[in-house]
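Read through the structure below, which is laid out as structure tokens, and then see the notes.
The values are calculated or read from the model by the stated rules, or taken from the named source; none is laboratory data. Please read these numbers as outputs of a predicted model, since none were measured by experiment. No Cβ is skipped: glycine too gets one built from the backbone with ideal geometry, and neighbour counts run over all protein chains shown.
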Amino acid sequence: MGSHHLPPTSSLRRWLMTTDHKDVGILYLVTSIYFLVVAGVLALVFRLQLAEPGLNFLSPTAFNQAITIHGLLMILFVISPLAFALANYVVPLQIGARDLAFPRLNALSYWLFLFGGVLVIISFFQERTLDVGWTMYQPLTSAFSPYVGVNTGGLGLALLTASVTVSTVNFVVTIFRSRAKGLRLTALPMFTMSVLLTVLMMLYAFPALLAGIILLASDRLLGTVYFTSPEGGAILWDHIFWFFGHPEVYIVLFPALGVMADTLVTFSRRPLFGRRIIISAMVIVALISFLVWGHHMFLTGIHPDVRRAFVVTTIAISLPFDAIFLSFIYTLSKAKIELRTPMLFTLGSIAIFIIGGITGVFLGSIALDYVLRGTYFVVAHFHYTMAGGGLVGLIAGLYYWYPKMTGRMFSEKLGRLQFILTMIGFNMLYFPLFLAWEMPRRVPLYVESLIPLNQVATIGGFVFGASFLVMFWNLLYSLKYGEPAGENPWGAHTLEWMTKSPPPSGNFEGTPAFVDGRLTFVAANGAAGGEMETHLSIWPLMLSLASFVALLGLTTNILVTTAGLGLLAFSVLGFAGERFISREGELGERWPFDRVDRMKLAWWTFISSEIVLFGVILSAYVYVRTASATWPAPGTLFDIGHGAVNTFVLLTSSLTVALALASSRSGSRAGTVGFLAATLALGAFFLFNKYDEWAELFGHGVTFSSGLPASTFFLTTGIHGAHVFAGLLALVYLLVRALRGAYVRDGHETLEYFGYYWHFVDIVWVFIFPLFYLV
Amino acid sequence: MAASTVEIFNSLWTVFVTLGVLVGVVVISYMAYLVVRNRARPGRPEPEDVPKPGELPREQRGAKKLLISVILSATIVISLILITFTALDVLDRPPADAFEVKVVAFQWGWKFYYPNGYESTGELRIPRGVPVKFYVTSQDVFHNMGIIDLRFKVDAIPGKTNIGWMRVYTTGVYDIRCFELCGDGHGVMIGRLVVMEPEEFESWYSSLTVS
């Protein structure tokens, strides 16, 4: 077979060490369902409280914690991870790949996600977890919530963003570079297409969340004043959060759209209507999603013209959705619709989303938003879109691919029962909330006339919850007793159905390729003759565990952090030193990245997301500076000398790192070692000079909390300095290896990739220097 | 008589709800109709263009049908937004002769400052039929001043003053509630708005002694 066999599924070792995309998919699935249960039970608890006004079943603090963690978990730890459970399992199969491009990084994303969630759960048992709403508005979350649980929860989110970044890079590279021969980008199955667009949105949206969390954590832990000062404060957070938050809505939805499209084709027995129009519409939505955040801020007093511009973009983004959903519906004409469970959920989800979409137009109207903002109308609307369109759509996907994942059919009868309970429960729960639009969100106390609507909603919540119990029972029972499914139980046309259920390690017997639009399998597995592929590694788990311990220490005991950092260093070395073999198939469709190898593409992808991180941090600086009435003149607070020297040093180091690469290519070991050492020395000098500058400022009493000029300076140069420091650690590693003779005969690429990172860090400084020192 | 801000909202709301329900019912019914009509029954043949296993995706063409539907929905949405902008012209322009009140939100209540310097906490009195303009801010966290019965809402943000206005023709007592989560007391951050007959208001207002 050309690959090491995995230990059996009954072995714990397999689940802790696996890097196989199918296993990782199962891990994501089980974990997201666990968080679904936690977040769902929280919802039932506060729905009970809401069954009558003034019940003191939950204290106000407990109530606020319940709604906050419910929202955060559902959006970030349930719906998206559930989508990525399916994506992990299905995307490589749909494109004919043997695995994701970076199997170990895939396992790493999973473990980071898990430990991020564990941090959020732990925060529950500390003094007050996040109780500020999932939107974490300011300055409530900075100056007015001095609780340790808020810190821990926030750090959990930071770990999640790390997971997301690793995962998005992996999917981007996989979908661009691991497609079967003949599978053009435009011919991707719709689910894979939607995952591609989702990860591209995630790639540029999540760094904004990370930047927001960094600024927030810095305010809370170091005392900077980004959100506690009125010049930054509430509005700065709104801009950052919703720049992430609105794309996030589509990030949650898009994989479900892919599921709907694939299941519509399979069960209506017809090609998708307007496939190219749907794809174009989704691309347009993905682009415009970064330009609509202001519609969450209509009432904050932003400039009326800006507001009108956001109305226009909001309307512009609604029209592609019309095209997508009408195309879905038109697919059903002249069809032969088989109403199996996945199709029922797809149709139900479409109907629910249509209601969510229409009510979204209400909120896009500023005049109505004046009144609807902060009410149950909004709650109803986003549950119809995210829970109805997103979650219910993904349930269709779960049923659709369950036979592929397990090799067994589920009970159709129980599937239908769940569908009926879902539709009744969902609409009983959320439709009354539209009618209760006069009720403020996030309050346990309301007027008596709204009691009946709230009680119907509470009962609906329990029916909706029960529908999941039916699903759990169905899926568990069928695992053992279901009918064998065979390869292609639905008669579908996409590639994931053209192999065994569940697929073997390596996915296909032979290498799939499309010749003249028809599937053929050529030769044996591409691995024949090569080295055995690896499928097990303990380091993803170790790295994540170490990061978790280090972050947990920040809110408990700094010694724990020290231990965590030690473990982290050990794990990084273990990860880097491990011999892990995974190959891309030799035959494959790679347009437009035929000439860019997978590591290079991964680095470029990662660096492009870093641009957003620094873009947001620098924008925050420009924002608060513009909003401030006074600002120290150049040269008065920060010493131009220090900055100028550092600019010179860092630019020189860009040159030396380029020379190191040139030396390695020309086979000069001395040159490689020498220029790497020079780069290391220059970088170290940069940090030393930075330290000197900071120490001087601290000596003069200028600290993190000395107003916005100081806060923004320390934070921005601090984050940049951390990037330099990370680069130095990598340089030490490269230098040690170069001394042993590496990179001279082969492996120049490693230096090239490092060079990209180093140049990027230098370029960021080229922006920081004039912005902070000269203007 | 100039329209009250409540009426402006209500007429807009009616238009949106009518069209929204209409579009929703038509689209979902059409989908349900297709599903029922085209469901797999014994004897119903497979469509000729059924995608075969291992085939690359094809598509159903029908740009015209889609174009017409999208233009139709775009027309509806764009006209709704144009109506909105018309309403906004009124809602965003407080009359110059408005009675002006400053509102400061705090954890967890409302303070009101009248033009004559009188302050009160928790209760605000205004005259019926007279435009009232609010300058709203907050002394601590992000709040939102909402009087839902009067279709009125303004964000209360520390360091920033936002403006809203209303004209009410019915006397009575209305709840002022917070519509942005602001901490433990968010649910009970309730003030009272008392709309009085102009003469009653006048005699009350002129009797106030300001320290």
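General remarks:
- Of all residues in region A:35-62, those satisfying the criterion of being hydrophobic (A, V, I, L, M, F, W, C) and more than 27 Å from the chain's Cα centre (by Cα) are A:Val45, A:Phe46, A:Leu48, A:Leu50, A:Ala51, A:Leu55, A:Phe57, A:Leu58, A:Ala62.
- Under the condition of being in contact with a Pro (Cβ under 8 Å, 6 or more places away or on another chain) and either of a type in the set (Lys, Arg) or surrounded by fewer than 22 Cβ atoms within 10 Å (Cβ to Cβ) (or both), the residues counted in region A:186-200 number 1.
- A:Ala513 fulfils the conditions (1) of a type in the set (Gly, Ala, Ser); (2) closer than 16 Å to A:Ala97 by Cβ; (3) away from chain B (no Cβ under 14 Å) except for a single criterion, (3).
- Residues that are under 22 Å from B:Phe179 (Cβ atoms), assigned to a helix (DSSP H, G or I) and among the small types (Gly, Ala, Ser), drawn from region A:284-318: A:Gly294
- Options B:Leu66, B:Leu56; residue that is within 7 Å of chain A (Cβ to nearest Cβ), buried (at least 18 other Cβ atoms within 10 Å of the Cβ), closer than 30 Å to A:Gly96 by Cα and among the hydrophobic types (A, V, I, L, M, F, W, C): B:Leu56
- Meets criteria (out of contact with any Cys (no Cβ under 7 Å at 6 or more places or on another chain), surrounded by fewer than 18 Cβ atoms within 10 Å (Cβ to Cβ) and part of a helix (DSSP H, G or I)) for A:Arg13: yes
- If the condition is being under 18 Å from B:Gly183 (Cβ atoms), touching a residue at least 60 places away in the same chain (Cβ under 8 Å) and of a type outside the set (Phe, Trp, Tyr), then region B:91-138 contributes B:Ala105, B:Gln107, B:Gly109, B:Gly122.
- Test result for A:Ile358, in contact (Cβ under 8 Å) with a residue 12 or more places away in the chain and among the aliphatic types (A, V, I, L, M): no
- Residues in region A:466-500 that are buried (at least 19 other Cβ atoms within 10 Å of the Cβ), in a loop (DSSP other than H, G, I, E, B) and more than 14 Å from chain B (Cβ to nearest Cβ): A:Ala485 alone.
- Members of region A:275-289 that are closer than 25 Å to B:Pro53 by Cα and either buried (at least 24 other Cβ atoms within 10 Å of the Cβ) or outside the structural domain of A:Arg340 (by TED's automatic domain parsing) (or both): A:Ile278
- Some residue of region B:121-129 being touching a Ser or Thr at 6+ places or on another chain (Cβ under 7 Å), under 30 Å from A:Val361 (Cα atoms) and outside any strand (DSSP E or B): no
Conditions tested, residue by residue: (1) at pLDDT 95 or above; (2) more than 14 Å from chain A (Cβ to nearest Cβ); (3) assigned to a helix (DSSP H, G or I).
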| residue | (1), (2), (3) |
| --- | --- |
| B:Ile176 | yes, no, no |
| B:Leu181 | yes, no, no |
| B:Leu193 | yes, yes, no |
| B:Glu200 | yes, yes, yes |
| B:Ser211 | no, yes, no |
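- Residue match in region B:159-171 (condition: surrounded by 24 or more Cβ atoms within 10 Å (Cβ to Cβ), in contact with a strand residue (DSSP E or B) (Cβ under 7 Å, 6 or more places away or on another chain) and within 7 Å of another protein chain (Cβ to nearest Cβ)): no
- Residues satisfying the stated conditions in region A:716-752, i.e. of a type in the set (Phe, Trp, Tyr), in contact (Cβ under 8 Å) with a residue 40 or more places away in the chain and assigned to a helix (DSSP H, G or I): A:Tyr733
- Restricting the search to helices (runs of 4 or more DSSP H) fully inside region A:319-414 and requiring at least 2 residues that are in contact with a Ser or Thr (Cβ under 8 Å, 6 or more places away or on another chain), within 30 Å of B:Thr5 (Cα to Cα) and at pLDDT 95 or above gives A:341-364, A:376-382.
- When we screen A:Gly615, A:Gly643 for residues that are assigned to a helix (DSSP H, G or I), assigned by TED's automatic domain parsing to the domain that holds A:Phe769 and modelled with pLDDT of 95 or more, the only hit is A:Gly643.
- Selected residue [in contact with a strand residue (DSSP E or B) (Cβ under 9 Å, 6 or more places away or on another chain) and at the interface with another protein chain (Cβ under 7 Å from one of its Cβ atoms)] from B:Ala40, B:Ala87, B:Ala74: B:Ala40
Condition check ((1) assigned to a strand (DSSP E or B); (2) within 30 Å of B:Ser207 (Cα to Cα)) across all residues:
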residue	(1), (2)
B:Lys52	no, no
B:Thr75	no, no
B:Ile81	no, no
B:Pro95	no, yes
B:Glu100	yes, yes
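- Subset tally (residues that are facing another protein chain (nearest Cβ under 7 Å) and part of a helix (DSSP H, G or I)) for region A:264-283: 4
- Hey, B:Val141 buried (at least 17 other Cβ atoms within 10 Å of the Cβ), in contact with a Cys (Cβ under 6 Å, 6 or more places away or on another chain) and either under 25 Å from A:Tyr376 (Cβ atoms) or touching a residue at least 40 places away in the same chain (Cβ under 8 Å) (or both) or not: yes
- Of all the listed residues (A:Tyr384, A:Tyr370, A:Tyr376, A:Tyr399), the sole one being more than 24 Å from A:Phe431 (Cα to Cα) and of a type outside the set (Lys, Arg) is A:Tyr399.
- Counted residues, region A:518-529 - those being surrounded by 13 or more Cβ atoms within 10 Å (Cβ to Cβ) and either at pLDDT 85 or above or of a type in the set (Gly, Ala, Ser) (or both): 7
- Residues in region A:179-193 that are of a type outside the set (Ser, Thr, Tyr), more than 10 Å from chain B (Cβ to nearest Cβ) and assigned to a helix (DSSP H, G or I) were compared, and the one that is farthest from A:Val265 (Cα to Cα) is A:Leu185.
- Test: residue in region A:656-678 that is outside the structural domain of A:His723 (by TED's automatic domain parsing), assigned to a helix (DSSP H, G or I), touching a residue at least 60 places away in the same chain (Cβ under 8 Å) and surrounded by 16 or more Cβ atoms within 10 Å (Cβ to Cβ): no
- Residues in region A:304-333 that are within 15 Å of B:Ile76 (Cα to Cα), more than 7 Å from chain B (Cβ to nearest Cβ) and among the polar types (S, T, N, Q): A:Thr314 alone.
- Pick from region B:12-37, criterion in contact (Cβ under 8 Å) with a residue 40 or more places away in the chain and not β-branched (Val, Ile, Thr), ranking: farthest from the other protein chains (Cβ to nearest Cβ): B:Leu19
- Screening A:Glu509, A:Glu496, A:Glu483 for residues that are within 26 Å of the chain's Cα centre (by Cα) and assigned by TED's automatic domain parsing to the domain that holds A:Ile121 leaves exactly one candidate, A:Glu496.
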